[in-house]
1. Would you confirm whether or not region 66-88 contains a residue that is charged (D, E, K, R) and at pLDDT 95 or above?
2. Which of the residues spanning region 14-51 are more than 16 Å from the chain's Cα centre (by Cα) and acidic (Asp, Glu)?
3. Give region 9-32 a look and list any residue that's in contact (Cβ under 8 Å) with a residue 40 or more places away in the chain and hydrophobic (A, V, I, L, M, F, W, C), or say none.
4. For region 7-17, which positions are in contact with a Phe, Trp or Tyr (Cβ under 6 Å, 6 or more places away or on another chain) and exposed (fewer than 15 other Cβ atoms within 10 Å of the Cβ)?
5. Select from region 61-93 the residues that are more than 19 Å from MET108 (Cβ to Cβ) and β-branched (Val, Ile, Thr) and write down the one among them that is farthest from the chain's Cα centre (by Cα).
6. With the requirement that a residue be crowded, with 19+ Cβ neighbours inside 10 Å and among the acidic types (Asp, Glu), what does region 18-54 give you?
7. Out of the residues in region 55-109 that are in contact with an Asp or Glu (Cβ under 9 Å, 6 or more places away or on another chain), in a helix (DSSP H, G or I) and free of Cβ contacts under 8 Å to residues at least 40 places away in the same chain, state the one that is surrounded by the most Cβ atoms within 10 Å (Cβ to Cβ).
8. Quick check on my filter: what residues within region 110-135 are closer than 20 Å to LEU84 by Cα, of a type outside the set (Val, Ile, Thr) and outside any helix (DSSP H, G or I)?
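The values are calculated or read from the model by the stated rules, or taken from the named source; none is laboratory data. Owing to the predicted nature of the structure, the values given are computational and were not obtained by experimental measurement. FYI the Cβ positions are ideal-geometry reconstructions off the backbone, even for glycines, and counts take in every protein chain you see.
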Amino acid sequence: MISLIFVTVGTHEQQFDRLIETIDRLVEEDVIKEKVIMQIGYSDYYPKNCEYKKFYPYIDIEKMVKNARIVITHGGPSSFMLPLSLGKTPIVVPRQKKYNEHVNDHQMEFAKQVKNRMNAVLVVDDIDKLKETILRYDDIVLDMKKNVESNNIHFNIALEKMVSDMMIK
């Protein structure tokens, strides 16, 4: 089986060129040697070195996430819940307002809360650290799993409560 990295930026209607360009450059520079498939959404940048579509049917995304060694996603909860539900630790690169990727920085705040409370995602808030995170992914995830008991049902219940509590405030 070919090793795969799957990248998704979700369906939010603002671009996320910063992530798409960075991954494409890392493939071009041969830092990433694996096959990369991207769901680029409304991004204005079109990858030159990766397979991509603006949007994939959900069933295709589910299959790619299941087959991926690494899933890299924006900070939308629905995008990182799927890899978590399949026992994967996603790399989460939150969209940021200062780059015109979202209307505010709620993705950053939410992803960091999930990281701090549950230690279930890798948050990359500085795109310059994405290369190192990808290169060290297996070791980082192994260290995380040593410190956290894997329990998807418990995680999903806790995350649902956290989201509910945030909506009430």
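1. If we filter region 66-88 for residues that are charged (D, E, K, R), which is where we start, we get 66, 69, 88.
Keeping just the survivors that are at pLDDT 95 or above gives 66, 69.
Scanning region 66-88, I find at least one residue that is charged (D, E, K, R) and at pLDDT 95 or above, so the answer is yes.
2. Within region 14-51, GLU28, GLU29, ASP30, GLU34, ASP44, GLU51 qualify.
3. VAL9, PHE16, LEU19, ILE23, LEU26, VAL31, ILE32
4. So the first thing to find is which residues in region 7-17 are in contact with a Phe, Trp or Tyr (Cβ under 6 Å, 6 or more places away or on another chain), and the list is 9, 13, 15, 17.
If the condition is that a residue be in contact with a Phe, Trp or Tyr (Cβ under 6 Å, 6 or more places away or on another chain) and exposed (fewer than 15 other Cβ atoms within 10 Å of the Cβ), then GLU13 is the only one that fits.
5. Across region 61-93, the extreme among qualifying residues is ILE61.
6. ASP24
7. GLN107
8. Once the filter is applied, which keeps residues that are closer than 20 Å to LEU84 by Cα, of a type outside the set (Val, Ile, Thr) and outside any helix (DSSP H, G or I), region 110-135 yields ASN119, ALA120, LEU122, ASP125.
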